[in-house]
Amino acid sequence: MNKILLILISLIPSISFAASSTENLDLTSHMAGYIALAIFVLAYIFVMLEEFTHLRKSKPVILAAGIIWAIIGWVYATNGIPHAAEVAVRHNFLEFAELFLFLLVAMTYIESMRERLVFDKLKVWLISRGFSYRQLFWLTGILAFFMSPIADNLTTALVMGAVVLAVGAGNARFISIGFVNIVVAANAGGAFSPFGDITTLMVWQKGLIDFQQFFVLFLPSVVNYLIPAGIMHFAIKNEKPKAINETVDIKVGGILITILFLFTIATAVSFHNFLHLPPAMGMMTGLGYLMVASYFVKRQAPKEEESERFNIFTMVSRAEWDTLLFFFGVIVSVGGLGFMGYLALVSEAMYVQLGATYANVLVGILSAIVDNIPVMFAVLTMTPDMSLGQWLLVTLTAGVGGSLLSIGSAAGVALMGQSKGYYTFVSHLKWIWAIALGYGASIVTHLWINAALFDVPI
């Protein structure tokens with residue numbers, strides 16, 4: 001790999017810029033920038049093809065991040081300003097560190113609740129009620145909508161997807177439509193909460209929108225979900241699945257861990273709103289709650305086998321490390337492209353020439369194709385001058401826009417892997433028109449009911 005990097009760098013002609021140590025070099029029209037951009041595009045093609053190549057998405061973006069910053073470092077070193085590149089990459093590391101610690105704690109809690117069978121209990125309860133397919137369609141969708149703001153859209157989709165698979169065994173049409181419904185519901189529910197999606201978390205941690213201000217997106221999110229759900233409702237036969245008799249008991253400490261998770265969220269919000277400290281500090285405090293609680297859980301469950309006993313470090317190890325490392329690669333890569341000057345060009349083209357409203361609508365459409373995380377990070381890095389209403393609009397569109405295609409959100413990608421072939425890119429594409437109606441209606445709803453916020457500066 002070192003040889004390849006040296007070859008790439010050797011292709012870059014000598015660069016001489018008149019720049020002080022406080023200025024960034026504009027590399028957007030130079031070979032160094034072209035190579036870095038090509039590397040990122042190639043890496044992201046591999047991310048989008050993960051389903052077919054089985055190459056974990058973190059690997060190409062981490063490699064791309066390293067090569068991009070190596071090119072930047074070489075260019076700045078040859079121009080006598082290596083410190084500028086060092087400061088910039090350290091800033092990217094800090095942004096990732098806060099996001100990483102926040103998500104690591106949240107994932108640890110989710111894995112702990114999963115291990116204590118909290119989610120299995122919910123699944124069995126739904127299955128054993130004797131609901132019809134249409135009732136299950138709405139129950140799983142509504143539960144996904146309201147679970148997502150707390151547990152995040154990915155976890156919510158996996159839990160509800162397991163329910164749909166369990167009750168719809170053999171009914172391919174119900175499973176397919178049920179999965180589309182869950183993706184839309186989870187993404188819509190995640191849009192009005194800082195904890196519902198990675199993009200909302202990024203906006204909140206950036207300090208652009210206060211915690212309580214996210215909730216003005218509740219009605220637009222409801223509209224975004226209800227319109228496609230109402231249309232898909234008529235495609236499901238009003239029949240009852242076969243009854244399933246199964247019982248699950250929550251393990252010792254499951255309820256306590258669930259309560260501590262809610263208390264941890266309250267702690268993170270309090271740290272940010274009242275103490276003006278990073279939310280990640282509040283989440284790490286919440287990890288302390290869980291670590292202390294794990295001691296008492298072990299003592300209260302002496303009858304459990306050694307292999308079944310609750311272990312906090314095992315829960316940490318079960319976090320979605322591929323996802324966490326993927327975020328590192330994306331944040332550092334996009335940060336590098338921004339440092340080269342590309343995000344400034346995009347910002348000029350979108351937010352100055354098109355206008356903020358059209359640009360933010362376009363962000364949602366791009367989120368369906370590229371994934372909303374790099375798109376939102378790019379917007380945050382550009383930091384366009386927008387009102388509170390516009391920042392809420394881009395938060396909404398980036399969150400729900402990923403529902404347009406199955407590859408546009410983590411929830412959709414995860415369910416494609418879980419569905420055993422029942423839910424595919426094509427089966428989701430059949431309903432894109434209904435989802436697009438919900439997408440457009442949610443934007444109109446926000447522009448209407450929150451019109452006053454478009455005059456509120458950030």
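Any idea which of Ala280, Ala268, Ala229 is farther than 16 Å from Met113 by Cβ, assigned by TED's automatic domain parsing to the domain that holds Gln205, surrounded by 20 or more Cβ atoms within 10 Å (Cβ to Cβ) and touching an Asp or Glu at 6+ places or on another chain (Cβ under 8 Å)?
Answer to the check: Ala280.
Kindly provide the set of residues from segment 30-49 that are surrounded by fewer than 18 Cβ atoms within 10 Å (Cβ to Cβ) and outside any helix (DSSP H, G or I), ordered by number.
Hit for segment 30-49 is Leu49, nothing else.
Between a residue in segment 246-275 that is in a helix (DSSP H, G or I) and any residue that is polar (S, T, N, Q) and buried (at least 20 other Cβ atoms within 10 Å of the Cβ), which pairs come within a Cβ distance under 6 Å, given they are 6 or more apart or on different chains?
Ile257/Ser112
Residue under question is Ser406, and the condition is that it be under 18 Å from the mean Cα position of the chain (by Cα), in contact (Cβ under 8 Å) with a residue 24 or more places away in the chain and farther than 17 Å from Thr199 by Cα; does it hold?
Values: under 18 Å from the mean Cα position of the chain (by Cα): yes; in contact (Cβ under 8 Å) with a residue 24 or more places away in the chain: yes; farther than 17 Å from Thr199 by Cα: yes.
Yes; evaluated as a whole, the condition is true for this residue.
Suppose we filter segment 349-387 for residues that are in a helix (DSSP H, G or I), surrounded by fewer than 21 Cβ atoms within 10 Å (Cβ to Cβ) and modelled with pLDDT of 90 or more; how many remain?
6
Six or more apart or on different chains, Cβ atoms under 9 Å: show the pairs whose first residue is in segment 300-314 and at pLDDT below 85 and whose second is small (Gly, Ala, Ser) and in a loop (DSSP other than H, G, I, E, B).
What qualifies is Gln300/Gly253; Ala301/Gly253; Glu308/Ala301; Arg309/Ala301.
On the basis of being aromatic (Phe, Trp, Tyr) and touching a Ser or Thr at 6+ places or on another chain (Cβ under 9 Å), does Phe234 make the cut? Walk me through it before giving the result.
On the way: aromatic (Phe, Trp, Tyr): yes; touching a Ser or Thr at 6+ places or on another chain (Cβ under 9 Å): no.
The answer is no for Phe234.
So which residues in segment 220-241 are outside any helix (DSSP H, G or I), in contact with a Phe, Trp or Tyr (Cβ under 8 Å, 6 or more places away or on another chain) and closer than 18 Å to Val183 by Cα, if there are any at all? Show your work before the answer.
Residues of segment 220-241 outside any helix (DSSP H, G or I): 234-241.
Now drop any that are not in contact with a Phe, Trp or Tyr (Cβ under 8 Å, 6 or more places away or on another chain), which leaves 236-241.
Within segment 220-241, just Ile236 meets the criteria.
Residues that are assigned by TED's automatic domain parsing to the domain that holds Val375 and over 28 Å from Tyr133 (Cβ atoms): which helices (runs of 4 or more DSSP H) entirely in segment 144-219 hold 2 or more of them? Before you say what the answer is, go through the steps one by one.
Values: elements: 153-167, 172-190, 198-205.
Answer list for segment 144-219: 198-205.
Pick from Tyr422, Tyr439: which is part of a loop (DSSP other than H, G, I, E, B) and in contact (Cβ under 8 Å) with a residue 60 or more places away in the chain?
Selected residue: Tyr422, the only one of Tyr422, Tyr439 that is part of a loop (DSSP other than H, G, I, E, B) and in contact (Cβ under 8 Å) with a residue 60 or more places away in the chain.
The values are calculated or read from the model by the stated rules, or taken from the named source; none is laboratory data. In this text the structure is predicted, and so the values were computed from the model without any measurement. Cβ atoms come from the backbone with ideal geometry, glycine included; neighbour counts cover every protein chain shown.
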